[in-house]
Amino acid sequence: MSEILTNSGLFFALLGAACATFLAGTGSAIGVGKAGVAAAGVLSEEPSLFGKVLIFQLLPATQGIYGLLVAFLILTNTGIIGTPQDISLQQGLLYFAASLPIAIAGLFSGIHQGNCAVAGIGTVAKRPDQMGKAIILPAMVETYAILALLISILAVFGIANVNI
Amino acid sequence: MAKADYTYAVARIRSKELKLLTMKDLEALISLDDYESCIRFLTEKGWGNDTIQTGDEILSTERKKIWLLMNELVKEENAFDVFLLQNDFHNLKVTIKSITRNLKADNMFSEFGKVPAEKIYEAIDKRNYSQLPEYLQNTAKEAMNVLLHTSDGQLCDIIIDKACLEAVYNAGKNSDNEIIRLYSELFVASADIKIAVRCAKTNKTLDFIKQSLAECETLNINMLANSAAKGIDEICSYLSSSAYKEAVEALKKSPSAFEKYCDDLVTDKMKTQKWEPFTIGPLVAYIIARENEIKAVRIILSAKLNSLNSEIVKERLRKMYV
């Protein structure tokens with residue numbers, strides 16, 4: 001049992017990479033999907049607004065990219081990609097913990113940014129001249145995904161210097 | 001059951017709202033010289049279709065467009081019961097009167113009910129009430145018997161009108177959307193006040209008034225009926241202490257001012273739906289806005305046909321949603 005636990009560091013590191021990709025990606029998929037539905041509604045009445053509504057639809061896509069970035073960093077730092085390394089259980093758990101900010105904040109901010117983008121699409125449908133203001137509102141949600149990304153990246157890079 | 005998603009529908013409605021007539025459009029329409037210019041103005045705004053020429057045809061086409069759009073956007077069967085039930089009861093009333101008086105009334109039927117008008121006509125013509133939907137069966141039987149035995153058209157009307165108010169109220173209360181519940185409440189409350197005023201003016205008995213009024217949350221029906229039995233001033237005094245105290249001024253002015261007050265109140269309450277992106281609320285608000293618009297255009301076209309003063313028309317125009 002203790003041998004299994006000792007060798008499961010890599011498993012937890014990989015679980016962290018998977019969570020970052022899967023949860024943040026799910027948030028983006030839901031957000032982009034919702035915004036896409038609203039965009040299609042507007043386009044069926046006003047096809048000339050394609051360029052504007054496309055930007056709104058793409059706003060919630062970034063969380064998925066952030067999750068991918070953190071997962072990639074975990075995979076390279078743990079040697080899953082590149083030179084194989086020994087990862088202790090403690091290190092594995094630390095990589096898992098480092099993935100959580102972008103995994104969880106990515107999931108929820110993606111969904112809520114999607115909702116906000118839907119409302120923005122409604123605004124642009126009625127007032128195309130208010131595109132600038134309408135886009136700032138869903139963009140504010142991005143702040144929290146960026147903060148989570150920052151902490152995840154700092155944590156992933158910092159684990160190598162932790163004495164355990 | 002999964003909650004219906006109206007994201008796509010609301011986004012389409014947002015684009016459609018751009019084509020709603022504004023107060024400026026209505027003022028421009030009023031300022032036109034004659035009926036033909038108004039028809040041209042409406043056609044340029046996309047009203048009617050290429051072959052249509054008369055005002056009535058244009059308005060009927062516009063109403064058809066509303067329901068074609070809603071049928072396309074909303075698949076839930078009972079979503080718009082609060083509107084469609086009104087048309088079913090209207091069709092029931094027309095059917096009973098046309099059958100008992102042996103009159104042709106084809107152009108009086110509304111085509112936007114929950115059940116086709118022909119089905120209602122056929123069921124009542126054959127006295128086969130079980131063919132009707134459940135919510136119409138008892139009312140149809142009772143109204144038909146009353147009209148056949150007493151020839152009292154007014155009594156027949158109040159039976160159907162009250163059943164309609166109750167059906168709309170229940171449909172509203174059973175809805176999980178706040179704006180539909182609010183609409184059904186306002187619809188019944190304003191109808192009750194109109195009935196009370198009419199009864200007071202025609203000196204109806206307390207029993208008749210109580211029989212005519214339908215229950216709702218914002219009015220105490222017993223107090224309203226008692227006030228109506230005493231006269232208009234008593235109704236105004238009761239309303240002053242109710243949620244509809246602004247109605248008093250309109251009531252004192254004229255019946256058409258009160259009608260305008262009721263429509264404007266609904267429009268004002270619906271304005272919150274301009275910012276709602278996900279629920280059926282904006283669709284409900286759009287239906288009301290379009291009906292209001294059609295009503296306003298009808299008033300203007302009638303005024304043009306009858307050469308009425310534009311000031312009288314302006315007084316009767318409802319607030320617009322946009």
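The values are calculated or read from the model by the stated rules, or taken from the named source; none is laboratory data. Computed from a prediction, not measured in an experiment: that's the story for all the values here. When we count neighbours, we look across all protein chains shown, and the Cβ atoms used for this are built from the backbone with ideal geometry, even at glycine. The protein model used for the area step is the full one, side chains on, heavy atoms only, and it has no ligands, DNA or RNA in it. Shrake-Rupley method; radii C 1.70, N 1.55, O 1.52, S 1.80 Å.
For the range B:255-279, how many residues meet the condition of being crowded, with 20+ Cβ neighbours inside 10 Å and either at pLDDT 95 or above or of a type in the set (S, T, N, Q) (or both)?
2
Of all residues in the range B:147-163, count the ones that are within 18 Å of residue B:103 (Cβ to Cβ) and open to solvent by less than 70 Å² (accessible area, probe 1.4 Å).
Residues meeting the conditions: 6.
Look through the range B:280-315, keep the residues that are of a type in the set (Lys, Arg) and surrounded by 20 or more Cβ atoms within 10 Å (Cβ to Cβ), and return whichever of them is nearest to the other protein chains (Cβ to nearest Cβ).
Here the residue is B:290.
Here's the yes/no breakdown for (1) surrounded by fewer than 19 Cβ atoms within 10 Å (Cβ to Cβ); (2) within 30 Å of residue B:19 (Cβ to Cβ):
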residue: A:17; (1), (2): no, no
residue: A:21; (1), (2): no, no
residue: A:42; (1), (2): no, yes
residue: A:54; (1), (2): yes, yes
residue: A:59; (1), (2): no, yes
residue: A:62; (1), (2): no, no
residue: A:82; (1), (2): yes, no
residue: A:86; (1), (2): yes, no
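Out of everything in the range A:96-108 that is open to solvent by 10 Å² or more (accessible area, probe 1.4 Å) and not aliphatic (A, V, I, L, M), what residue ends up being nearest to the other protein chains (Cβ to nearest Cβ)?
Per the stated criteria, the residue is A:108.
How many residues does the range A:119-131 hold that are over 17 Å from residue A:35 (Cα atoms) and open to solvent by less than 60 Å² (accessible area, probe 1.4 Å)?
1
What number of residues in the range B:184-240 are in contact (Cβ under 8 Å) with a residue 40 or more places away in the chain, within 30 Å of residue B:285 (Cβ to Cβ) and assigned to a helix (DSSP H, G or I)?
Total satisfying the criteria: 11.
Quick one: residue B:90 ticks every box in (1) farther than 30 Å from residue B:178 by Cα; (2) outside the structural domain of residue B:310 (by TED's automatic domain parsing) except a single one, so which number is it?
That leaves (1) as the condition not met.
Give A:151, A:135 a once-over and let me know the one that is open to solvent by 80 Å² or more (accessible area, probe 1.4 Å), away from chain B (no Cβ under 14 Å) and β-branched (Val, Ile, Thr).
A:151
Out of A:61, A:29, A:38, A:24, which single residue is within 14 Å of chain B (Cβ to nearest Cβ), closer than 15 Å to residue A:113 by Cβ and either within 25 Å of the chain's Cα centre (by Cα) or in contact (Cβ under 8 Å) with a residue 40 or more places away in the chain (or both)?
A:38 is the lone residue from the list that is within 14 Å of chain B (Cβ to nearest Cβ), closer than 15 Å to residue A:113 by Cβ and either within 25 Å of the chain's Cα centre (by Cα) or in contact (Cβ under 8 Å) with a residue 40 or more places away in the chain (or both).
Six or more apart or on different chains, Cβ atoms under 8 Å: show the pairs whose first residue is in the range B:1-22 and more than 7 Å from chain A (Cβ to nearest Cβ) and whose second is open to solvent by 50 Å² or more (accessible area, probe 1.4 Å) and not in a loop (DSSP other than H, G, I, E, B).
B:5/A:37
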